[in-house]
Every structure is written in structure tokens, then in C-alpha cells.
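Asker: Okay, handing you the structure first.
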């Protein structure tokens, strides 16, 4: 790929210090180059989608240079795209995501007059049907063990306990939780609420469970936020230090913390940021909560998405297995 000096300020959310332009666009002139960068900077508003599409498209165009060196952008046709999807070693979900990224980009190039047709129109995705989610969850006992194992004698331990509890009790996405400022944990009437900023610029408010409120209050008091309402609620700490930096905690840092805490607590080390969303929903449903209400709390557009987080039937009991008799 060819280096195109476009700083992150111009194309926000793109990885690295410089934006790498695929060779095929470097050969296609300034209009194609501009339209390619504009696709990420202007068309895709969600940063996570932007990063996922960037990775997918750079993988596709790198593959293109290997198998079709020197190919022009106008020469990319449905056969080329279909071959890439067919040969891709990833899961059906990953292959369909790559196809979606390629399709969206060429739709953008078509509307901008860079290409005359979208070569992905006739390319079908990989059949993929999911009835059950694969996100690892923690049992109720493991959640108690994990939260109880955290050293809360300092602010970082209080932060970690509060972060995990917030995800578990609110069913919130890690991005929504890390995007919260102190003012997004607030009182309304007699209750405390979370204001969660979700995908597509939407936000919704969720009442705070009393245990999460207890953990957040202890953390905020130790952090000394006081009247500072516009600072990040969950902040980074320098190295293994016990102070906060004032900078917003990032996903990878939260993921590393979860892995470290799970290992130290002796619970499943498969746990990840998304684990607590799935664990909280499963616990809620197991204790009599309705799937419709779980959908509303989790801010899922479709109840079928909520169903993927319902893991109550994951475990088949030994008693059931013993029903098999000869």
C-alpha cells in the first residue's frame, strides 16, 4: 500500500498515524483517492464500524494486489469480489462483514462518479444463521467471586469493580459505558440513573441497580471528582499505578483489565468486555425478568438480538443425559 499523508484529524478514527491508501486508488487519480478517504471520514459515523470496515477493505485490496496486480478500480467485477469472499479463510460472519464493507464502498464510489457500476450487486453473502450467542458468560457464583476478589483499598480497584458492575447491571455495551462522563451518572427524582450513549448517536437512560450505585458512589468519592461533571467517568491509570490520569479508558485497556482480574479471581479467563452484558441479561431472565424488558434495558433494536444473550439453556444437566438408557 502507498502512504497517503492524511492525518487522523482529517479522517478521525482511522488507525495509525497515517492513512494507508490502497495501490489501486493510488493508480486511479485524485478523485478516486479523495472519494476513498471521504468514505471513512464522512460516510461512516460510528468509529467501531469505521475501524472494522477499514480493516476489511485493506485486507481485500491487499489480496487484490497479490492475485490481480495492476488491476484498475473499474476492472473490479463481481467475479473478483465473489472469488475473494469464497477464498476468505474467516468465519461466515467475518466474510459477510467484508462483503458488506466492499459493497458499501463501491456504492459510495458509484454515487461519486468514480465507477460506473457496483460490482458487488450480484454477489451473495454466505448463509449464516445464529440461534445462540457465543459470548462467554460468567455464572452468578463467578460474578460474586470476581467482584469480591478486587482489591478496593485504592481508586483503581474501585474503578475496576464499578466498571464491571456497571456493565453487568445495566446490560450496556462497553463503548457506551466507557463513553460516559461523570454527569451521565445522575439523580432524577428518587432514583439514580445511567445515561448511555449508544450506536447511531442515540442515548437512553437506565435506572441504576442499588449494588452498582454503591460501587459507583465509592469509586467517585475516592476519585475526588466532586463537582467535575464533564470529565470521563472511567479513566486510565499510569501503568500499574493507583492514580487516575483524567484520560478516558479505552476498550483494549478495559479488556486487559478484565483478563487480569478474571485470572486473579480464578474464574473463566475467556471473559471479555462483552461477557458482563451477556451474564447480566442471563441472570435477569433466570430470575423472572421478561425478554421484552431485557431488550429495552439493553437497547436492542430487535428482540432476536436479545435472545442471543439468553444463555439459560447452555448447560444440559447430568440428570437429562442419564435419561438415555439401554
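Asker: Conditions: (1) surrounded by fewer than 17 Cβ atoms within 10 Å (Cβ to Cβ); (2) under 17 Å from the mean Cα position of the chain (by Cα). Residue 254 meets all but one. Number of the miss?
Answerer: Tallying (1) surrounded by fewer than 17 Cβ atoms within 10 Å (Cβ to Cβ); (2) under 17 Å from the mean Cα position of the chain (by Cα), residue 254 fails exactly one: (1).
Asker: Going through the stretch 168-190 one residue at a time, which ones are in contact with a helix residue (DSSP H, G or I) (Cβ under 9 Å, 6 or more places away or on another chain) and in a strand (DSSP E or B)?
Answerer: Correct list: 185 only.
Asker: Could you please tell me which pairs satisfy a Cβ distance under 6 Å, a separation of 6+ or placement on different chains, a first residue in the stretch 105-117 that is assigned to a loop (DSSP other than H, G, I, E, B), and a second residue that is crowded, with 16+ Cβ neighbours inside 10 Å and modelled with pLDDT under 95?
Answerer: These pairs meet every condition: 112/35; 114/32; 114/35.
Asker: Scan the stretch 81-97 and tell me whether some residue there is at pLDDT below 95, within 30 Å of residue 197 (Cβ to Cβ) and in contact with a strand residue (DSSP E or B) (Cβ under 7 Å, 6 or more places away or on another chain).
Answerer: no
Asker: Would you point out the residue of the stretch 231-247, among those that are under 17 Å from residue 172 (Cα atoms) and in contact with a helix residue (DSSP H, G or I) (Cβ under 7 Å, 6 or more places away or on another chain), that is surrounded by the most Cβ atoms within 10 Å (Cβ to Cβ)?
Answerer: 233
Listed here are the residues, each with its yes/no results for (1) in a helix (DSSP H, G or I); (2) modelled with pLDDT of 90 or more.
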residue: 195; (1), (2): no, yes
residue: 205; (1), (2): no, no
residue: 211; (1), (2): yes, yes
residue: 215; (1), (2): yes, yes
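Asker: Now for a different question. Looking at 66, 38 in this structure, which one is part of a helix (DSSP H, G or I), over 20 Å from the mean Cα position of the chain (by Cα) and under 24 Å from residue 90 (Cβ atoms)?
Answerer: 66
Asker: Could you pull out the residue among 164, 137 that is under 23 Å from residue 273 (Cα atoms), in contact (Cβ under 8 Å) with a residue 12 or more places away in the chain and not in a helix (DSSP H, G or I)?
Answerer: Values: 164 fails: not in a helix (DSSP H, G or I).
When all the criteria are applied, what remains is 137.
Asker: Please return the ranges of helices (runs of 4 or more DSSP H) entirely within the stretch 261-326 where 1 or more residues are touching a strand residue (DSSP E or B) at 6+ places or on another chain (Cβ under 8 Å), farther than 17 Å from residue 145 by Cβ and modelled with pLDDT under 85. So that I can check it myself, show each step before the final result.
Answerer: Working: elements: 275-286, 291-298, 303-308, 318-321.
Where helices (runs of 4 or more DSSP H) fall fully within the stretch 261-326 and carry at least 1 residues being touching a strand residue (DSSP E or B) at 6+ places or on another chain (Cβ under 8 Å), farther than 17 Å from residue 145 by Cβ and modelled with pLDDT under 85, they are 291-298.
Asker: In this structure, is residue 26 modelled with pLDDT of 90 or more and within 13 Å of residue 61 (Cβ to Cβ)?
Answerer: No, not satisfied.
Asker: Taking the options 179, 125, 189, 224, name whichever one is in the same structural domain as residue 272 (by TED's automatic domain parsing), touching a residue at least 12 places away in the same chain (Cβ under 8 Å) and surrounded by fewer than 20 Cβ atoms within 10 Å (Cβ to Cβ).
Answerer: 179
The values are calculated or read from the model by the stated rules, or taken from the named source; none is laboratory data. Quick caveat, the model's predicted, so the values are computed rather than measured. Virtual Cβ from ideal backbone geometry, glycine too; neighbours counted across all protein chains shown.
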